[in-house]
């Protein structure tokens, strides 16, 4: 049986919170001594990814009652 | 091109365009061809979130604090992801209860309390006015930068009086716009179609303007993003600008801004207005939940490049908030700055319009109406007069709010940068979140808890953010910032209770929300809800329950006439007729009003006056109470029980359908078996009759022909004996088959050498095959092949296979080849012939009982002395092999190109002792 759209959405929200919060954000952040930080680029990529997943989820799921 | 007349013409021309669009939107709505009924327009209207603060302030924030500005847009992204669950519920509640604003929402949730609604309205007014001021300031500032560049803008500003200040006139034009398009209907819960259309248009303009300046900076001032960031990386003082170190408060500030933006996105009055009140269709949320985040990505794409470019290039004006304007100005371009100015104007006016509508509705419905309703005089007013009053109040409120915003801007605005004021407002609005969100999901939240929580949160916010802001702009003595109130160290506003290391917003958010939520939950656990509160709590928390949609919640009594006079007094005749759905209603009608009608009347009043006032008015004519909690709970229970029954019923019926399907399949199989059995019996009788007939015929000849020559007699007897043998063999086979199929076949499995057995079998048939002219080749690869099997039965199988091969081999040069080889953990014995082979679709059928392959070539005379098979050999062989744990199937013949039957038996392990 497929997971319900609701469950998928909740999982996506969890993923978004994870991607935008410190543990992961810190990985992509470099101290100034090491050159430019990748943080903004990472944020934009993660952001677009989350939106793409959301778009896929919203436009493909059946009308739920 | 930057002269004042041109700039002003363009700016006010743009505002005039807004009027045209709004008027067009309203006209389309009247014709029933709404232009806002699309998820895209809905999304664009939500983009009112991006104000002048985004337009100018994001760049400033990025220049000063690195990537933290992104969190202000990631928070709403998260909120929009939750839209299909959370905002959908808010929309559902708002449309069933005719909610007009966030103050109305919270007041309705906690028992339609007018005091709570008033509190929310006051907090919103105090928290949001600076935000409106900020937009006006942005307009003034951007205009000054545009006109005075390269002179500093600030110098000029101080010289001006308010009638020269452009933002004063813009505010005035906006007031006219809002009065025209924001107060068309008395019912504030109805959509402002024209206004939404204008807002959506403004969102497009600001996006286009920002993208244009972004592309210009990155691709004209620099050679693409690579070039820009290489230069940034080579500038030592800018290297750290993009890292988390530039974010105030570090990781905590990061998370704090994230949470703050998430909450504020849901609770800012203008966001509530466009998200919930102006929503025309719940389904639009689905598209908006990803399209709006996409809009945010687009409008933020060039913020960092512009900020970095502004820091790299000498632009003549050091204020980062103006980089968007000064960068193209410094390049000597004239058109783009004007477009940017219009973009900023659109961002600012969009916010001011929606925010003012939301605030004015709150002020009129939550603050002024309840007061007016208490004064006795108003109840005497004549028919329809109050409708005019209400709109008048709202219009005055609009002017007052804009004036307040302008005053704030003129008096205090200079001391703050754009972003600072914005975040202060965010924290203020976030105070509504606990009462609203917890109230939507926890039925136990009480009015006392919500009120005290809100008050505590508001006071904390006021003390830790707003008051220090006043102090910093010189209104107050700033010493308490350093030393705490009354010299108490632990009361320092930016380090309450000695908590340091936070940025001021996270600090304020943390303390205010802690107190807010703590009091809301704590007090709720120890207070009781009034009956109305219980009802409303149930209605809010169970809003998605389908059982509630068509239920009428009134059981009080009144007459149609009384309702009619109440409605017409407050809403006017037209609206009354619409609500009552009866143009001929008259005040003398004494027929009892049905509950549904009372509910409709209350909703109609709620839409215009707010739920608290509507409740007071309805109570004044209806005797008896609204539906109490028990009834609602019983409705809910019944509904959920019904749902549960339905679910179970559906399960049961699915199960039944499945069982029915199984039964049908079983029946099918039984029929098939029955048919096979009939066929079998027919076959058996036929097979038995053939030898019997010949035996009987020859026996009769022998009986009647006494004078037959001895030789003939002997031959006939020979035939009788042969046929009897055939008959008994057939019967033996049938018995075997019967035993096999009923599982009563007794095998005597033992460890044996298949090689030896094959040799033995080959010897047994060798003579017979030679007689028939069949050339038999034997190829045994292994020297020894130990398997478990019944020697007699296995020999029967092998002989049968060889026999078959001989029968079906080529007519002229018949050849049969037996091959034994090891295959993984088993042995494969294959018998192939050079006959015509077996068609692929026949391959399984040869194992059916009495199935005989038709040989087209010798259908007629070519008997060649081969015995006809009974058609039982292969089924019996397969049964035996299966019993022994092996397999028997038809395969492609590898060498002789005819039919090939393969028997596979597992290898016997050493331990497998013979039984």
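Between the stretch B:563-580 and the stretch B:797-849, the alpha-carbon centres lie 96 Å apart. In chain B, the DSSP-assigned H stretches of four residues or longer account for a calculated mean residue ellipticity at 222 nm of -20500 deg cm²/dmol, using -39500 (n - 2.57) per stretch and the full residue count as denominator. Once the Cα atoms are used to define both axes, helix B:611-621 deviates from the longest principal axis of chain B by about 80 degrees. Within 10 Å of the Cβ of each residue in B:64-76, the mean number of Cβ atoms contributed by other protein chains is 3.
Decide, for the stretch B:191-337, between rounded, prolate and oblate: order the square roots of the alpha carbon gyration tensor eigenvalues as a ≥ b ≥ c, take rounded if a/c falls under 1.5, and otherwise choose prolate if a/b is larger than b/c, else oblate. Taking the square roots of the gyration eigenvalues as a ≥ b ≥ c, the stretch B:191-337 is oblate.
The C-alpha atoms of chain B occupy a region whose extents along the principal axes are 151, 85, 58 Å, arranged from largest to smallest.
The alpha carbon convex hull volume per residue for the stretch B:691-766 rounds to 129 Å³.
Highest mean first, the peptides B:443-451, B:178-186 sorted by other C-beta atoms within 10 Å per residue fall in the order B:443-451, B:178-186. Ranked by the mean number of other Cβ atoms within 10 Å of their residues, highest first, the peptides B:650-663, B:67-80, B:224-237 fall in the order B:67-80, B:224-237, B:650-663. Separation of the stretch B:125-147 and the stretch B:684-763 by C-alpha centroid, Å? Comparing the Cα centres of the stretch B:125-147 and the stretch B:684-763, I get a distance of 112 Å. Taken residue by residue and averaged, Cβ atoms of other chains lying within 10 Å of the Cβ of B:276-286 number 1.
Expressed in units of 2.2 N^0.38 Å, where N is the residue count, the Cα radius of gyration of the protein assembly as shown is 1.51.
Computed from the Kirkwood radius of its Cα pairs, the Stokes-Einstein diffusion coefficient for the stretch A:5-60 at 4 °C and 1.567 mPa s stands at 105 µm²/s.
When only Cα pairs below 8 angstrom with a gap of at least 6 residues are kept, chain B shows a relative contact order of 14 percent. Looking at chain B, the DSSP beta bridges with both ends there are about 85 percent antiparallel.
Using every pair of separate Cα atoms, the Kirkwood estimate puts the hydrodynamic radius of the stretch B:284-377 at 17.1 angstrom. The angle between the Cα long axis of helix B:193-215 and the longest principal axis of the Cα atoms of chain B comes to about 80 degrees, rounded to the nearest 10. Note on residue B:126 and residue B:642: with the Förster distance fixed at 45 Å, the Cβ-Cβ geometry gives a FRET efficiency of about 0.40. Taking all C-alpha pairs of the stretch B:747-906, those more than 30 Å from each other amount to 10 percent. Shielding by partners for peptide B:233-246, expressed as the average number of C-beta atoms from other protein chains within 10 Å of each residue's C-beta, is 5.
Taking 7 Å steps out from each Cα toward its Cβ at residue B:781 and residue B:845 produces label points 3.3 nm apart. Computed on the stretch B:631-741, with alpha-carbon pairs under 8 angstrom and 6+ residues apart, the relative contact order is 23 percent. The angle between the Cα long axis of helix B:303-312 and the longest principal axis of the Cα atoms of chain B comes to about 60 degrees, rounded to the nearest 10. Beta-bridge orientation, the stretch B:747-906: approximately 80 percent antiparallel, per DSSP, counting only bridges with both partners inside. Each peptide in B:112-123, B:881-892, B:594-605 gets a packing score, the mean of other Cβ atoms within 10 Å over its residues, and the list from highest to lowest is B:112-123, B:594-605, B:881-892. Stretching residue B:407 away from residue B:882 to a fully extended chain increases their span by 161.3 nm, per 0.36 nm per residue minus the current alpha-carbon distance.
Cα centroids of the stretch B:639-664 and the stretch B:88-124: 42 Å apart. Shown here are the Rg and Dmax of the Cα trace of the stretch B:631-741, at 32.9, 112 Å.
Values quoted throughout were computed directly from the atomic coordinates according to the rules given, and no laboratory measurement underlies them. What you see is a predicted model, and the numbers here were worked out from it, not measured in a lab. Cβ sites come from the backbone with ideal geometry, for glycine too, and all protein chains shown count toward neighbours.
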